[in-house]
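The values are calculated or read from the model by the stated rules, or taken from the named source; none is laboratory data. Predicted model, so just to flag it, every value in this text is computed and none were measured. Please note: Cβ atoms are built from the backbone with ideal geometry, for glycine as well, and neighbour counts cover all protein chains shown. For accessibility, only protein heavy atoms count, side chains too; no ligands or nucleic acids. Shrake-Rupley method; radii C 1.70, N 1.55, O 1.52, S 1.80 Å.
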Amino acid sequence: MKTFGKLCLLLVVFGWFCPVACNLSGPQWLASVDDGNPTTALCSIGLLASAAIALLGVILAIVNLIKKSKDKTSKSNDNIATSVISGLCGFPFFVFMVISYQTLEILNYGAFIMIGGWLLSLVFRILGNKESKAPKLQPTQGE
């Protein structure tokens, strides 16, 4: 389950490169920072932070796999934290776009890929933590 959660963060990074809103991808939104509108700049930086933190979560997962860390608690907390923080950075952008244009049609498929990636990542990681914390049954010796 945790592996699926880690892979779902790749959806967030992939969605950033797809058209997110107004037929602009994440890099195009970032290029529009210079247009003088502080709201656009804030939204662009939020989108960039969201994708960067998701990528950081994937990198942390790879590093933890390579190290085979024994500290399972901090590893799982890092995984959940990257999912939550990535969502908190990008989600206000989507809310702002829907409220500004008063329609959900302003969002393109990249936005839905990113939102789906955040939600799936969070669900799989929480389920993976519950699964790993479940008590393991010890086999009993028969008489």
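A few comments on the model shown:
- Flag for Ile80 being at pLDDT below 80, hydrophobic (A, V, I, L, M, F, W, C) and under 27 Å from Phe17 (Cβ atoms): yes
- Selection within segment 82-120 - in a helix (DSSP H, G or I) and of a type in the set (S, T, N, Q): Thr82, Ser83, Ser86, Ser100
- Near pairs, Cβ below 6 angstrom, 6+ apart or cross-chain, from segment 34-47 (open to solvent by less than 10 Å² (accessible area, probe 1.4 Å)) to any residue that is modelled with pLDDT under 75: Ser44/Val33
- For segment 1-18, residues that are under 21 Å from Thr103 (Cβ atoms) and crowded, with 18+ Cβ neighbours inside 10 Å total 1.
- Segment 2-58, subset in a strand (DSSP E or B) and not hydroxyl-bearing (Ser, Thr, Tyr), residue modelled with the highest pLDDT: Pro19
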